[in-house]
Amino acid sequence: MAGGFVGGAAGKRVEHYEGRITGYFILACLIGSLGGSLFGYDLGVSGGVTSMDDFLIHFFPSVYRRKQEHLRETDYCKYDNQLLTLFTSSLYFAGLLSTFAASPVTRKYGRRMSIMVGAVSFFLGGAVNAASINIAMLIVGRILLGFGIGFGNQAVPLYLSEIAPAKIRGAVNQLFQLTTCLGILVADIINYFTEKLHPWGWRLSLGLAMLPAGLMFIGALFLPETPNSLVEQGKLDEARRVLERVRGTDKIEDEFKDLVEASEAAQAVKHPFRNLLKRKNRPQLVIGALGIPAFQQLTGMNSILFYSPVIFQSLGFGSGASLYSSIITSSMLVVGALVSMSLVDRLGRRFFFIEAGIQMIISMLIVAITLAKEFGHGKELPKNIAGLLVFAICTFVVAYGWSWGPLGWLVPSELFPLETRSAGQSIVVCNNLFFTAAVAQFFVAALCGLKYGVFLLFAGLIVIMSTFIIFLLPETKQVPIEEIYQLWEKHWFWKKIVDRSRSNEIGKGLTSI
């Protein structure tokens with residue numbers, strides 16, 4: 001347990017964990033997973049708002065004028081404006097910075113406190129954006145939203161993983177992705193209707209971000225802290241009460257002992273960020289903190305989510321039609337999340353990663369080849385070609401929805417031992433938001449410069465990340481979260497690194513005797 005600090009007794013006790021699915025547990029999961037709705041709503045709403053004429057006329061008139069043109073050279077470049085893309089990406093740069101503040105809060109004051117801080121910041125950001133009269137106010141609002149995302153994305157996946165029983169941890173953790181997808185879908189539907197409310201519809205779209213933030217804050221007032229966090233804070237009696245209530249039984253001694261032993265081992269680690277860099281934690285660092293969070297964004301999915309209305313308009317769809325097409329793609333994302341929730345704890349994480357990788361590569365190739373042959377000639381696409389593009393994008397989105405979308409948060413949250421968990425999750429969120437912001441900032445420019453080649457680029461990146469998964473990620477389904485470290489000791493590649501690290505520690509121990 002706890003990354004290997006505690007021996008095999010914990011592994012034997014896991015078989016004797018007792019409990020059932022209680023109403024209290026379900027309520028805690030539903031409220032905690034609302035954090036995903038904040039992330040999802042922003043992903044959906046920002047792309048729709050930046051395609052609205054009223055918004056562009058007010059803040060970006062030069063982009064509006066270019067949008068009305070039908071010249072050959074503007075087909076891929078209608079929205080190529082770095083200030084406009086900064087409106088989207090500034091949130092993620094702010095979220096990146098806020099994760100470093102979120103880690104000590106999450107560790108010292110608990111996951112629940114970070115969720116509440118994130119909700120307040122997101123609420124304020126939505127209010128400022130809705131009231132914006134200039135670009136400066138827009139950016140300030142986006143920064144406040146970013147702080148909310150940083151705290152929420154740091155705490156919510158940890159909260160869900162820690163409160164869930166091992167057998168259904170995958171499905172529970174994916175509530176975060178499901179609510180993210182639902183947030184995107186709701187935002188797309190709202191954009192579809194507010195686009196018709198001239199000239200203030202965009203204000204309503206941005207301001208409604210306050211609703212999920214308010215619900216999450218109020219709900220968090222009634223949330224229990226996770227037993228793991230309470231033990232970490234030394235509140236053993238309270239941790240025992242919460243664990244009994246969440247599991248619906250007083251026979252929790254085996255699980256509670258494991259939590260206490262993991263916490264004692266974790267307390268011996270005074271510098272969790274420095275500890276994460278040690279050789280024994282190399283698999284978690286490479287896979288969980290660096291690889292998966294970066295690859296999740298390099299699939300190109302968030303570019304499609306940010307800019308699906310922009311992409312569809314650039315490809316010849318009208319304003320209303322582009323928003324309608326965005327609703328279709330975000331619906332596919334929800335379908336993918338539901339499929340993943342239903343099957344991830346049976347089929348496993350690796351299955352979904354690998355199958356979806358193949359499907360996403362094929363979809364990107366179809367988009368690239370179709371655009372290369374039919375687009376960029378200064379005229380709108382024929383309906384049958386436009387339909388093919390929507391179909392290809394939908395197959396891409398649904399594959400992402402059952403793989404890199406939910407598993408990009410689930411798998412990292414499973415990998416870190418307790419002593420590095422909050423620090424590891426901070427790096428996960430920081431890394432994820434860095435690549436989110438970078439892709440958001442440069443995708444439209446890349447679309448303008450590379451044209452259809454940008455989709456070939458994403459296809460190539462998906463080949464690389466699928467290979468990464470095949471060779472380096474062991475299967476984690478139904479493995480208790482405090483026993484994940486044993487997977488590295490059995491893995492064909494990682495065992496060489498972990499065993500060498502353990503040999504070095506034993507050698508140092510003998511030397512000091």
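The values are calculated or read from the model by the stated rules, or taken from the named source; none is laboratory data. Just so it is clear, the model here is predicted, and its values are computed rather than measured. Ideal geometry is used to build each Cβ from the backbone, glycine not excepted, and the neighbour counts take in all protein chains shown. The accessibility values were calculated without ligands, DNA or RNA, using every heavy atom of the protein model including side chains. Shrake-Rupley method; radii C 1.70, N 1.55, O 1.52, S 1.80 Å.
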Might you list the cysteines of the chain that have no disulfide-compatible partner by the rule of another cysteine's Cβ under 4.7 Å? CYS29, CYS181, CYS394, CYS430
Per principal axis, descending, Cα span of the range 172-217 in whole Å: 41, 21, 9
Based on the Kirkwood radius over alpha-carbon pairs, what is the Stokes-Einstein translational diffusion coefficient of the range 321-378 at 37 °C with 0.692 mPa s viscosity, in µm²/s? 239 µm²/s
What length, rounded to one decimal in nm, is gained on full extension from VAL335 through to PHE351, with 0.36 nm per residue of separation minus their alpha-carbon distance? 4.0 nm
Multiply the residue gap between LEU221 and VAL286 by 0.36 nm, knock off their C-alpha separation, and tell me the result in nm, one decimal place. 19.8 nm
Bin width 10 Å, origin at 0, all Cα-Cα pairs of the range 116-196: what percent of pairs per bin? 17, 34, 33, 13, 3, 0
Heavy atoms only, probe 1.4 Å: what % of the accessible area of the range 117-170 goes to carbon and sulfur, would you let me know? 86 percent
Measure of compaction for the range 76-214 (Cα Rg per 2.2 N^0.38 Å): 1.15
Any chance you could list P(r) for the chain, counting all Cα-Cα pairs in 20 angstrom bins from zero, rounded to whole %? 24, 54, 20, 2
At 0.36 nm per residue, minus the direct Cα-Cα distance, what do ILE57 and LEU30 gain on full extension? Give it in nm, one decimal, please. 5.8 nm
Going from most exposed to least, what order do ASP254, ASP499 have by accessible area with a 1.4 Å probe? ASP499, ASP254
Counting only protein heavy atoms with a 1.4 Å probe and every protein chain in place, the carbon and sulfur fraction of the accessible surface of the range 384-449 in whole percent equals 84 percent
Over the chain, average the accessible area per residue using a 1.4 Å probe and give it in Å², no decimals. 37 Å²
Sort LYS251, LYS235 by accessible area with a 1.4 Å probe, largest first. LYS251, LYS235
Carbon-plus-sulfur fraction of the accessible area of the range 178-306, 1.4 Å probe, in percent? 64 percent
If you take the beta carbon distance between ALA131 and ILE470 as r and set R0 to 45 Å, what does 1/(1 + (r/R0)^6) give as a FRET efficiency, to the nearest 0.05? 0.35
Evaluate E = 1/(1 + (r/R0)^6) for LYS257 and ARG20, where r is the Cβ-Cβ distance and R0 equals 25 Å; express this FRET efficiency to the nearest 0.05. 0.80
Keeping all protein chains in the complex and leaving out DNA, RNA and ligands, what accessible area do you get for ARG241 with a 1.4 Å probe, in Å² to the nearest 10? 150 Å²
LYS373: accessible area at probe 1.4 Å, nearest 10 Å²? 150 Å²
With helices defined as uninterrupted DSSP H runs, which ones in the chain have an alpha carbon span along their own long axis of at least 30 Å and mean Kyte-Doolittle hydropathy of at least 0.5? 23-49, 82-108, 135-163, 319-347, 349-374, 418-450
